[in-house]
Amino acid sequence: IKNIRRLWIIDIKESLFDNLEELFGERLELIERTTEYGNLSDIPSALHSFYKKYSFAKMPFGSIFTVEETRKMSYQQPFMDEEWFCFGQDNYGFVFWLCKEVDGRTFFNAWDHDMSDDIDEGMEITLEEFLQEIINDFEENETCSIEIKSCEEDALAELVKIKKAFKMTASMSKLQEIKNNLPYEISDDFSYMKALKILKDLKLNKVKID
């Protein structure tokens with residue numbers, strides 16, 4: 001998958017990144033911390049649980065920065081004056097993920113700097129709830145292209161499963177033609193999360209789809 005209506009609700013409150021790993025598999029890059037995390041007193045406490053265990057996270061819908069990058073971004077304008085900590089962004093580079101604490105209350109925000117120069121007050125929620133909102137939006141809107149990259153000689157049975165799962169209108173002779181003329185694009189505008197679920201259910205061994 002190269003590049004979402006909610007298909008299912010994922011409960012990430014108890015074990016946030018375990019559930020993300022189960023959902024996204026190898027498409028989640030989660031780097032566990034191997035060095036001391038040091039003094040986090042300048043970082044909002046809502047982010048401490050992440051930075052005490054992990055250094056960095058890259059997900060299909062965006063990235064959480066390292067502590068060093070978070071500090072670098074947060075001491076720039078417009079974040080510094082408004083006391084927002086910029087701890088991540090979407091994969092397109094337009095939407096920054098922000099967090100701040102005010103009088104013991106924690107606020108999160110997703111600020112699209114291309115849409116507005118002003119940062120609104122955000123939402124009083126947890127990190128888990130914030131990421132769930134991001135995922136829901138991703139589920140609602142993100143599409144992708146799906147391409148058969150390669151397959152083994154005896155992969156026709158799996159190609160038939162792919163045909164049914166993605167509702168392809170292809171005869172057996174057409175599947176044979178596809179197998180002999182790869183790569184082949186199944187769709188250039190398919191729901192990312194629906195495609196991900198289909199591929200997990202198919203458990204392909206002889207066909208590689210990206």
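Calculated mean residue ellipticity, 222 nm, the chain: -9500 deg cm²/dmol, from DSSP H runs (n ≥ 4) at -39500 (n - 2.57) each, averaged per residue and rounded to 500.
Qualifying GluC sites (Glu not before Pro) in region 107-145, where qualification requires a DSSP coil assignment and no more than 11 other C-beta atoms within 10 Å, comprise 121, 124. Ranking 190, 205, 55 by how far each Cα lies toward the positive end of the dipole of the chain (charges on Cβ) leaves 205 at the top. For region 36-146, taking Cα atoms only, Rg and Dmax work out to 13.8, 48 Å respectively.
Taking 0.36 nm per residue of separation and subtracting the current Cα-Cα distance, fully stretching the chain between residue 118 and residue 36 would add 25.9 nm.
Based on Cα atoms of region 125-179, Rg over Rh with Rh as the Kirkwood radius reads 1.27. Accessible area per residue was computed with a 1.4 Å probe on protein heavy atoms; residue 72 scores about 130 Å².
Using a cut-off of 24 Å between Cα atoms, the listed pairs 58/164; 52/203; 149/200; 53/203 include 58/164; 52/203; 53/203 as exceeding that distance. Since only 156, 94, 35 are under comparison, the one whose Cα sits farthest along the positive direction of the charge dipole of the chain, derived from C-beta charges on Lys, Arg, Asp and Glu, is 156.
Taking the protein heavy atoms of region 68-210 in the context of the full set of protein chains, the accessible area attributed to carbon and sulfur is 46 percent at 1.4 Å.
Shown are 37, 92, whose ranking by accessible area with a 1.4 Å probe and every protein chain present, most to least, is 92, 37. Note on exposure: 138, 94 ranked by accessible area (1.4 Å probe, complete protein assembly) read 94, 138, with the most exposed listed first. Between residue 205 and residue 145, the simple spin-label model (points 7 angstrom out along Cα→Cβ) gives 3.1 nm. Based on protein heavy atoms only, region 171-210 ends up with 61 Å² per residue of surface accessible to a 1.4 Å probe.
Here the chain is assigned +1 on the Cβ of each Lys and Arg and -1 on the Cβ of each Asp and Glu. Its dipole about the Cα centre then comes out at about 1420 debye. Comparing Cα centroids, region 73-126 and region 26-51 end up 18 angstrom apart.
The values are calculated or read from the model by the stated rules, or taken from the named source; none is laboratory data. All values reported here derive from a predicted model rather than from experimental measurement. Backbone-built Cβ (ideal geometry, glycine too); neighbour counts: all protein chains shown. Please note that ligands, DNA and RNA were not included when accessible areas were found on the heavy atoms of the full protein model with its side chains. Shrake-Rupley method; radii C 1.70, N 1.55, O 1.52, S 1.80 Å.
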